[in-house]
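Please treat every number below as a calculation from the coordinates, not as lab data. Since the structure is predicted, the reported quantities are computational estimates derived from the model, not experimental observations. Because the Cβ atoms are built from the backbone with ideal geometry, glycine has one as well, and the counts that use them run over all protein chains shown.
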Amino acid sequence: MSKSRIYSFIGRYVTACVAFLLCLVIIYHVMSGLDLPHDTIVSGKADGQVQNYPTVILDAGHGGEDCGAVGISGVYEKDLNMRITACLASYLRLAGCRVVLTRTEDRLLYDPATVQKGHKKMEDLANRSAIAASYDHSVMVSIHMNSFPSESVHGLQVWYSGKSDNSKRLAAMIQDDIKEYLQADNHRKPKESAGNIYLLDYAEHPAVLVECGFVTNVAECAKLSDEAYQKELSFVLFCAMMEYINETV
Ligand SMILES: [Zn+2]
């Protein structure tokens, strides 16, 4: 083998090694970034907020003794809500948003002195609503799972507060992105809450509620319980929210 061919071979070998190592580094960073715990704030800004971004209020529905819907596999809605919320919060914080979670623990937000079950639930909803109202420039996304007596019903459904056009706009962006990137067979349209969803009916700022899917459907319940799907779903919600935020500021 001539000298020039040896040099050429060594050059190609070194280039291939460097490219391989670079790939490993990129994969490591992407994987570790996706697994950030929900309370990690990553941002160039001290307060975790970029420019004029609204504060994002993320609400993991239910909690504590209120399990929400019980899935066909026995999984509790409140736990799935928390996992999606934590994942979505990580993505939003990575993008520089300030995120406020209405709950970070498995509990409802009521005073320990409150004893009646109905009062506990109302106090919980009023407290969640008050957290959202306390941030002037904000948008709230409440995360829930759906249920229905018929096992065949499936698909993500977004509800919005009729008190602002921005709520309707965000709801449409989420519903459209879900159809485009995750559920091609989802033909649902966003629905306006008509006095039946407290957090939306009493919202003072843009607010939507996302029913991520039906835990009473075998296939959808299995997907919603799967960590990889939770990340995919959260990522589509994140993309729709960033689209909304960038168009709003
Ligand atoms: Zn719910």
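Using the average count of surrounding beta-carbon atoms within 10 Å as a protection proxy, the listed peptides 146-156, 239-249, 207-217 rank, highest first, as 207-217, 239-249, 146-156. Legend: residue pairs K78/K117; K78/K179; K121/K231; K121/K163; K120/K231; K78/K168, Cα-Cα distance threshold 27 Å; pairs beyond threshold, K121/K231; K120/K231.
Peptides 125-136, 53-64 ranked from most to least packed, by the mean per-residue count of other Cβ atoms within 10 Å: 53-64, 125-136. In this calculation the C-beta distance from E247 to A194 is compared with R0 = 25 Å, giving a FRET efficiency of 0.45. Region 57-100 and region 178-207 have their alpha-carbon centroids 16 Å apart.
Comparing C87, G162, A172 along the charge dipole axis of region 40-248, the residue lying farthest to the positive side is G162, per the Cβ-charge model. For region 40-248, the Kirkwood hydrodynamic radius comes to 17.2 Å, computed from all pairs of different C-alpha atoms.
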